[in-house]
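Q: Sending over a structure as structure tokens; questions will come in a sec.
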Amino acid sequence: MSFREDGHLAVDWAANYLERVGELPVLAQVKPGELTAKLPAAPPEHGAPFTDVLHDLDELLVPALTNWQHPRFFAYFAVTASEPGILAELLAAALNQVAIVWRASPASTELELRTVDWVRQLLGLPEGWHGHIEDTASTSTLAALIAARHVTGRNAVVCSEHAHSSVEKDARMLGMELRKVATDDELSMRTDGLELDDVAAVVATVGTTSFASVDPVRELAERAHAAGAWLHVDAAYAGSSWILEEERWSQDGVELADSLVINPHKWLLVPMDCSLLWTARPDEFREAFTLTPEYLRTADDAFALADYGPALGRRFRSLKLWAVLRCYGAEGLRAIQREHIRLASLFADWVEADPDWELAAPLRFSLVVFRRKGSDEENQRILEHANASGEIFLSHTKLSGRYVLRLAIGNARTTEDDVRRAWEVLNR
């Protein structure tokens, strides 16, 4: 068959998958190694038609998928790869741009700068910040720590005890000393007694992974700058909510940040991967990363985005961000986020109204942290049985040593019926 015919089959397959994903188990119902045992141990000697690939996709791979596109995926931070983003990924693969320097892909470079600035405006962030796209927040934070060490000449990183594990991993990879700070009753980083005179970077989190708690960014920024340290804000999940005026309470002090990361692939309907990294100090950021070999030197290298991060080769990620922003508009994105926040509040109300259940942390954004009144073992069994049913998928964390459950709402296809079903399954 031709590329065009195979392409139609692939798009039909994708459309059918999205239509039926709600009927599939949310969590993969396989054991470790089960798929590996079904795959040939050696690579194929002869080529096969693309229809064979689609057949094996159905027969082998789909049964081993945990379906992140499922409307009852409530684990980690639920995400959505929307239809415009999916189609843009296809187009990006067809164009196959490698934006190592501006000349190598003027369209990719300039569209990236423009779309990231669109998001800056939608979120109400300061003018003048330089923004570009990395793959994930782990890489964005890594870049921020590299810049901080370059600027300050110091080697220590300070963050909350509830900061994302990528902060610790990035510090470890860079050989930097990590200092975790205890949190208060609101699960926010404490600032009393904070000594920052030898610190390269303070990482403040807006929307921690476990509890969606918010660190006191303004105070941390003031203390960091007074001590000559860099202030990086990790708002990978919650930062997208700043498109809503009513959620900008969590943005307080972010305008003082030296760098900021937000992931549109978490709550702005963009397919994985798309992480936006801004800096208020672009010249110093660029100094930390610029290394131009002779074969890449040109007279028009002012827009070289490789000068702002670890990677040289860059995918055309801005195309999917552009497509989502164009097709949904700010109005459409706001409506979806408001519905997610409403559904989280509804679920939290059910928890609070039931004497057998309790909220374990304050409700923030679209994340509910809760538990059944009882032992950790009971809560763990409930979660394991619920996930094994294939009807829902939730994750857990620990708070003050106690096992607690997390229900994160972030899929554009999730309805009130899906949230109600989660509550029924947990109680069952």
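Q: Within the range 354-366, is even one residue closer than 17 Å to Tyr76 by Cβ and surrounded by fewer than 19 Cβ atoms within 10 Å (Cβ to Cβ)?
A: Checked against the condition, which is being closer than 17 Å to Tyr76 by Cβ and surrounded by fewer than 19 Cβ atoms within 10 Å (Cβ to Cβ), the range 354-366 yields no hits at all.
Q: Return the residue satisfying two criteria in turn: it lies in the range 274-310 and is of a type in the set (Val, Ile, Thr), in contact with a helix residue (DSSP H, G or I) (Cβ under 6 Å, 6 or more places away or on another chain) and exposed (fewer than 15 other Cβ atoms within 10 Å of the Cβ), and of such residues it is farthest from Val151 (Cα to Cα).
A: It comes out as Thr298.
Q: Sticking with this one: Picking from Glu391, Glu384, which residue would you name as being open to solvent by 50 Å² or more (accessible area, probe 1.4 Å) and either touching a helix residue (DSSP H, G or I) at 6+ places or on another chain (Cβ under 7 Å) or not basic (Lys, Arg) (or both)? Let's see the steps before the verdict.
A: On the way: Glu391 fails: open to solvent by 50 Å² or more (accessible area, probe 1.4 Å).
Every option except Glu384 fails the conditions.
Q: Under 6 Å between Cβ atoms, which residue pairs at least 6 apart in sequence (or on different chains) link something in the range 136-161 that is without any contact (Cβ under 8 Å) to a residue 40 or more places away in the chain with a partner that is open to solvent by less than 10 Å² (accessible area, probe 1.4 Å)?
A: Ser138/Ser166
Listed here are the residues, each with its yes/no results for (1) within 27 Å of Leu359 (Cα to Cα); (2) in contact with a Lys or Arg (Cβ under 7 Å, 6 or more places away or on another chain); (3) open to solvent by 10 Å² or more (accessible area, probe 1.4 Å); (4) modelled with pLDDT of 95 or more.
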site: Ala227; (1), (2), (3), (4): no, no, yes, yes
site: Ala235; (1), (2), (3), (4): yes, no, no, yes
site: Glu245; (1), (2), (3), (4): yes, no, yes, yes
site: Glu255; (1), (2), (3), (4): no, no, yes, yes
site: Ser259; (1), (2), (3), (4): no, no, no, yes
site: Lys266; (1), (2), (3), (4): yes, no, yes, yes
site: Leu269; (1), (2), (3), (4): no, no, no, yes
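Q: What single numbered condition from (1) crowded, with 19+ Cβ neighbours inside 10 Å; (2) modelled with pLDDT of 95 or more; (3) not hydrophobic (A, V, I, L, M, F, W, C) fails to hold for Thr209?
A: (2)
Q: Here's another thing I want to ask about it. In this structure, does Arg326 turn out to be open to solvent by 50 Å² or more (accessible area, probe 1.4 Å) and in contact (Cβ under 8 Å) with a residue 60 or more places away in the chain?
A: In short, yes.
Q: Still on this model: Can you give me the number of residues within the range 183-231 that are closer than 22 Å to Thr397 by Cβ, of a type outside the set (Ser, Thr, Tyr) and either touching a residue at least 24 places away in the same chain (Cβ under 8 Å) or outside any loop (DSSP other than H, G, I, E, B) (or both)?
A: Total meeting the criteria: 12.
Q: Answer with yes or no whether Val351 is assigned to a strand (DSSP E or B) and open to solvent by less than 60 Å² (accessible area, probe 1.4 Å). If you could, list the steps in order and put the result at the bottom.
A: Details: assigned to a strand (DSSP E or B): no; open to solvent by less than 60 Å² (accessible area, probe 1.4 Å): yes.
Taking the combined requirement at face value, the residue does not satisfy it.
Q: Examine the range 363-379 for a residue that is over 22 Å from the mean Cα position of the chain (by Cα) and within 26 Å of Glu19 (Cβ to Cβ), and state whether such a residue exists.
A: no
Q: Could you say which residue among Asp117, Asp135 is out of contact with any Ser or Thr (no Cβ under 9 Å at 6 or more places or on another chain), among the acidic types (Asp, Glu) and closer than 15 Å to Leu276 by Cα?
A: None of the other options fit; the residue is Asp117.
Q: Additional query: State the number of residues belonging to the range 119-133 that are assigned to a strand (DSSP E or B) and open to solvent by less than 20 Å² (accessible area, probe 1.4 Å).
A: 3
Q: Limited to the range 254-286, what total is found for residues that are part of a helix (DSSP H, G or I) and among the hydrophobic types (A, V, I, L, M, F, W, C)?
A: Residues flagged as part of a helix (DSSP H, G or I) and among the hydrophobic types (A, V, I, L, M, F, W, C) within the range 254-286 amount to 4.
Q: Oh, and also: From the set of residues in the range 2-23 that are in contact with a Pro (Cβ under 9 Å, 6 or more places away or on another chain) and under 18 Å from Gln69 (Cβ atoms), which is least open to solvent (accessible area, probe 1.4 Å)?
A: Val21
Q: So, in the range 139-161, how many residues would count as being among the small types (Gly, Ala, Ser) and closer than 24 Å to Trp322 by Cβ?
A: Summing the residues that are among the small types (Gly, Ala, Ser) and closer than 24 Å to Trp322 by Cβ in the range 139-161 gives 2.
Q: Ok, one more. Which residues, taken from the range 380-402, are under 29 Å from Asp185 (Cβ atoms) and within 24 Å of the chain's Cα centre (by Cα)?
A: Within the range 380-402, Leu383, Leu394, Ser395, His396, Thr397, Lys398, Leu399 qualify.
Q: Looking only at helices (runs of 4 or more DSSP H) that fall completely inside the range 34-118, which ones have 3 or more residues that are touching a Leu at 6+ places or on another chain (Cβ under 9 Å), in contact (Cβ under 8 Å) with a residue 24 or more places away in the chain and open to solvent by less than 60 Å² (accessible area, probe 1.4 Å)?
A: 83-95
Q: Looking at (1) acidic (Asp, Glu); (2) in contact (Cβ under 8 Å) with a residue 40 or more places away in the chain; (3) buried (at least 19 other Cβ atoms within 10 Å of the Cβ), can you tell me which one Asp170 breaks?
A: Here Asp170 clears every test but (2).
Q: Right, something else. Tell me whether the range 110-129 contains one or more residues that are closer than 19 Å to Gly309 by Cβ and in contact with an Asp or Glu (Cβ under 7 Å, 6 or more places away or on another chain).
A: No, the range 110-129 contains no residue that is closer than 19 Å to Gly309 by Cβ and in contact with an Asp or Glu (Cβ under 7 Å, 6 or more places away or on another chain).
The values are calculated or read from the model by the stated rules, or taken from the named source; none is laboratory data. Since this is a predicted model, take the numbers as computed values, not measurements. Note that each Cβ is placed from the backbone with ideal geometry, even for glycine, and that neighbours are counted across all protein chains shown. SASA here: full protein model, heavy atoms, side chains in, ligands and nucleic acids out. Shrake-Rupley method; radii C 1.70, N 1.55, O 1.52, S 1.80 Å.
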